[in-house]
1. Testing the spin-label approximation: label points 7 Å from Cα along Cα→Cβ at ARG50 and ASN33. State their distance in nm.
2. Can you find, among THR37, ILE71, ALA22, the residue sitting farthest towards the positive end of the charge dipole of the chain, where Lys and Arg contribute +1 and Asp and Glu -1 at Cβ?
3. Which label marks the calculated value of volume of the Cα convex hull per residue in Å³, given the options [x] 88; [y] 166; [z] 79?
4. In deg cm²/dmol, rounded to 500, what helix-only [θ] at 222 nm does the chain give when every DSSP H run of at least 4 residues adds -39500 (n - 2.57) and the total is split over its residues?
5. Could you run the Karplus curve 6.51 cos²θ - 1.76 cosθ + 1.60 with θ = phi - 60° over segment 25-42 and give me ³J(HN,Hα) per residue in whole Hz, x for Gly and Pro?
6. Counting Lys and Arg as +1 and Asp and Glu as -1, each charge on the Cβ, what is the dipole of the chain about the Cα centre in debye, to the nearest 20?
Amino acid sequence: MSHLVTEVYEAFRLAGVGDAAAKAAAAAIPLGNDLATTADLNRIETRLARVEADLKVLKFGYGPVILGLLIKLAFFP
């Protein structure tokens, strides 16, 4: 166990929590390296903006193609 998790475990034990429950609760606390940073969130936001732009291109690019296929099927069987 890391130092922080050990401290939390010991605090639970001093509060009267059972051994298994104290270990489970201490292990459930995320450590600092498991959390997203602002840089991580900015990188994700940039990628999502690119994906949205790509989807707009696909939507307006394939729309006329699908419409043309439907017209061909309806009027020229």
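1. So the two model labels end up 2.7 nm from each other.
2. My answer, from the dipole projection, is ILE71.
3. [y]
4. -26500 deg cm²/dmol, from helical runs alone.
5. Couplings: 5, 5, 6, 7, 7, x, 7, x, 7, 8, 9, 7, 9, 4, 5, 4, 5, 5 Hz.
6. Magnitude of the dipole: close to 580 debye.
Every number here is computed from the coordinates shown, using simple stated rules; none is lab data. Here the structure is a predicted model, which is why all the values come from computation and not from measurement. All Cβ positions, even for glycine, are placed from backbone atoms using ideal geometry, and neighbour counts span all protein chains on display.
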